[in-house]
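What follows is one structure encoded as structure tokens, with my remarks underneath.
What follows is calculated from the coordinates using simple rules that are stated; it is not laboratory data. Since we're looking at a predicted model, the values are computed, not measured. Every residue, glycine among them, receives a Cβ derived from its backbone with ideal geometry; neighbour counts consider all protein chains shown.
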Amino acid sequence: MTATATLVFLAVVGARFLVPLLIFKYPLPAILAALVLDAVDQTVFQSFGFDPPGYQGYDKAMDVYYLAIAYLSTLRNWSSLPAVRVARFLYFYRLIGVVAFELLDSRALLLIFPNTFEYFFIAYEVVRLFWNPARVSMRSWVWTAGIIWVFVKLPQEWWIHIAQRDFTETVAEVPWFGPVVVAGLVGLVLVWWFVIRPRQPARDWSWHVAADPLPTSALTVAARDRWVAEHGKLWSTGTLEKVVLVGLLWVIYAQVLPGVQTTSGRLFLGTTAFVLVNCAVALWVARAGHGVQPILGAFGARVLLNAGLVLVAYWLLARGRGDLEWNDALFFVLLLSLLTLLDDRYRPIYELRFFPAAPKEQPVAA
């Protein structure tokens, strides 16, 4: 690659890592920006004369990363428990499919495990622009996910991964394709304007794109730590979910990073050990009351913790029998630290919002 192409590559990859972090504060604009980056990155690379090898693997790895950030933001922001539950299934279903795709290299798996979570997330945030999502029933959210799955994502996944068609190339090769697409979009707008819009309920508020305020019981890290100190457990469904999320993500990235040379099973078990140590330390910090409010400070502390764990693990297991791949190790530390920290920060908000602890019974005077 030329120096310019290298800079462009680093800028695009950096944007695909950093832009999703805005989802926590501005969910809809940020995920749309991540979606656009996902759509144009290969075109940008090729325009500078660089066609990344193994692009499909890289692209799926970046997809599941920003969708992981979006999923964690549902724990922080969403006020509808049914919507969170549907989103949880859709995200982990897709994550399992991407792992299978990376290990088996079969495009058909991406059709079987479509990325419905992404458009479901967008649908929720569009609803939240004007209406209170907490008023929407589980049945409506399931129907929303089903419609997106069947009528949006299955055709899209078939188009991209089975037919392997490109939109711009198809428009150039098939003269009638472009006008048909435009006519279809116009038809959808007309259906919404004349059929759906008159039947919409009255708006609950003026439109806004920023995330809703947090529950008053979870505004500060100290308040969340108090809840964790009282109710948190190392062996819990939250810990299991974190293990699966981080472990499968690292298995996916290991297929892309050239320096990782071990089996997927060992990677997952090793990552599980790191996640459990992070959970135990986070639980101890909460009970000791040593939580750090600024997220950058907490992230720095988490990076130091995991860097130390990596060095200890290398000393215990390698004992000089090989060189540590520092680039891969640093990437692992940063990814592990970021995801475990965000989960530890935002899962208590989800718990406090939907499952507030019952007040303790006061002793009755004789």
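The figures follow:
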| item | result |
| --- | --- |
| Per-residue ³J(HN,Hα) for segment 81-91, Karplus 6.51 cos²θ - 1.76 cosθ + 1.60, θ = phi - 60°, Hz, x for Gly and Pro | 4, x, 5, 4, 5, 5, 4, 4, 4, 5, 5 |
| Segment 1-212: relative contact order as a whole-number percent, Cα under 8 Å and 6+ apart | 22 percent |
| Estimated distance in nm for a label pair at GLU173 and SER79, the labels positioned 7 Å out from Cα along Cα-to-Cβ | 4.8 nm |
| Amide N proximity, segment 131-163 versus TRP207 label position 7 Å along Cα-to-Cβ, cut-off under 12 Å | 131 |
| Equivalent ellipsoid semi-axes, the chain, via Cα gyration tensor eigenvalues times 5, rooted, Å | 35, 32, 17 |
| Cα Rg, Dmax (largest Cα-Cα span) when computed across segment 194-234, Å | 18.7, 53 |
| In Hz, Karplus ³J(HN,Hα) per residue of segment 24-34 (6.51, -1.76, 1.60; θ = phi - 60°; x = Gly, Pro) | 5, 9, 10, x, 5, x, 5, 6, 5, 5, 5 |
| Residues in segment 1-17 that a label on PHE48 would reach, taking backbone N under 13 Å of a point 7 Å out along Cα→Cβ | 1-16 |
| Computed [θ] at 222 nm, helices only, for the chain once each DSSP H run of length n ≥ 4 contributes -39500 (n - 2.57) | -22500 deg cm²/dmol |
| Two-site label geometry, LEU154 and ASN132: point separation in nm, points 7 Å out along Cα→Cβ | 3.6 nm |
| Computed over the chain: relative contact order in percent, which uses C-alpha pairs under 8 Å that are six or more apart | 20 percent |
| Cα-based Rg of segment 1-120 normalised by 2.2 N^0.38 Å, two decimals | 1.13 |
